[in-house]
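**Student:** I'd like to ask some things about the structure below.
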Amino acid sequence: MKLGFDIDGVIANFTDVLLQTIKQAYGLTLTEKDITSFSLSVVLGITRAEEARLITDILYKDLPIYPEAKETLERLSREGHSIYLLTGRYAPLRELTQTWLKDNGVPYDELHLLEMGKKYQANIEGLDVIVEDSLEEALEWSSRVKTVLVYDHPYNQSLNVKNLTKRVYSWNEIYLEISQLASNKPT
Ligand SMILES: [Mg+2]
């Protein structure tokens, strides 16, 4: 199958470095629960220009990788799936991103740097699964991709009244969801 994964908030642990950076920049000690919106501008009460600078600062730091992310992607790749990395990081960060992926041993077939908020418009056909932490992106993907998994965070909660997405809490669960789909899919 063709599997699409977001990087930040799914493979890379952006939040831990965000919390440290907020402490340094604004003197505030927060926990992940305090990050209640995907928009840091809204959470912190800063302009979007300042938010963009904050995000860039964070991405230049060495983000930790989520537990089992590398091992699960390796396993999925070995099982014959194609790994598409779909990030909202902007183009100048391509090299830094490739280095981070290499240093962390993340296997992938294609890396796409897409416009944040419009990733779902990407010209990539035939994706079977998307794993995202942005609820807005995930919901839009649901019109194009049958299985959309949302990696749980306080900032992506939803009443999910139409079941357009399914929530996952770990890479172990991501693996189980994908295996189940693969075993049901006619070849
Ligand atoms: Mg993300």
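**Student:** Would you work out which of GLY80, ASN172, GLN121 lies farthest towards the positive end of the dipole of the chain? Charges go on Cβ: Lys and Arg +1, Asp and Glu -1.
**Tutor:** The one lying farthest along the dipole's positive direction is GLN121.
**Student:** At 222 nm, what value in deg cm²/dmol follows for the chain if DSSP H runs of at least 4 each add -39500 (n - 2.57) and the sum is divided by all its residues, to the nearest 500?
**Tutor:** Working: 7 runs with 71 residues, N = 187.
For the chain, the value works out to -11000 deg cm²/dmol.
**Student:** Could you work out the longest stretch of the chain that avoids the trypsin sites (Lys or Arg not before Pro) located in DSSP loops with at most 16 other Cβ atoms within 10 Å? Can you show the working numbers first?
**Tutor:** On the way: sites that count: LYS61, LYS118, ARG144, LYS146, LYS162.
Within the chain, the longest run free of exposed trypsin sites (Lys or Arg not before Pro) spans 1-60.
**Student:** Also, I was wondering about something else. What percent antiparallel are the DSSP beta bridges of the chain, to the nearest 5?
**Tutor:** Values: 1 of 20 bridges.
Of those bridges, close to 5 percent are antiparallel.
**Student:** List every residue whose amide H lies under 5 Å from the amide H of VAL131, counting only residues 5 or more places away in sequence or on a different chain, with H placed 1.01 Å from N in the peptide plane.
**Tutor:** The answer is GLY4, PHE5, ASP6, LEU149.
**Student:** Step through the residues of region 47-53 one at a time and calculate ³J(HN,Hα) from phi using the Karplus curve (6.51 cos²θ - 1.76 cosθ + 1.60, θ = phi - 60°), rounding each to whole Hz and writing x for Gly and Pro.
**Tutor:** 6, 5, 5, 5, 4, 4, 5
**Student:** What list of ³J(HN,Hα) values in whole Hz, one per residue of region 174-186 in order, does the Karplus curve 6.51 cos²θ - 1.76 cosθ + 1.60 (θ = phi - 60°) give from phi, with Gly and Pro shown as x?
**Tutor:** Residue by residue, region 174-186 yields 4, 4, 4, 4, 5, 4, 5, 4, 4, 6, 8, 7, x Hz.
**Student:** State log₁₀ I(q)/I(0) for the chain at q = 0.13, 0.19 Å⁻¹ as given by the Debye formula over alpha-carbon point scatterers of equal weight, solvent excluded.
**Tutor:** These q points yield log10 I(q)/I(0) values of -0.67, -1.46.
**Student:** Note down the magnitude of the dipole of the chain about its Cα centre, charges +1 on Lys and Arg C-beta and -1 on Asp and Glu C-beta and zero elsewhere, to the nearest 20 debye. The partial results should precede the final answer.
**Tutor:** On the way: 20 positive and 28 negative charges, 57 e Å.
Computed charge dipole of the chain: roughly 280 debye.
**Student:** In addition: With springs only between Cα atoms under 10 Å, which of LEU96, LEU164, LEU114 fluctuates most in a Gaussian network model of the chain?
**Tutor:** The residue that fluctuates most here is LEU96.
**Student:** Mind telling me which of TYR151, TYR26, TYR60 comes out most flexible in a GNM of the chain, alpha-carbon contacts under 10 Å?
**Tutor:** TYR26
**Student:** Could you state the angle between the C-alpha long axis of helix 94-103 and the longest principal axis of the C-alpha atoms of the chain, as a value from 0 to 90 degrees rounded to the nearest 10?
**Tutor:** That works out to roughly 70 degrees.
**Student:** Something else: Collect residues whose amide H, placed 1.01 Å from N in the peptide plane, falls under 5 Å from the amide H of HIS81; neighbours closer than 5 in sequence don't count.
**Tutor:** Those qualifying (amide H under 5 Å, at least 5 residues apart or on another chain) number zero.
Each reported figure results from applying straightforward, stated rules to the coordinates on display, with no laboratory input. All of these numbers come straight from a predicted model, not from anything done at the bench. A quick note on method: Cβ atoms are made from the backbone with ideal geometry, for glycine too, and the neighbour counts reach across all protein chains shown.
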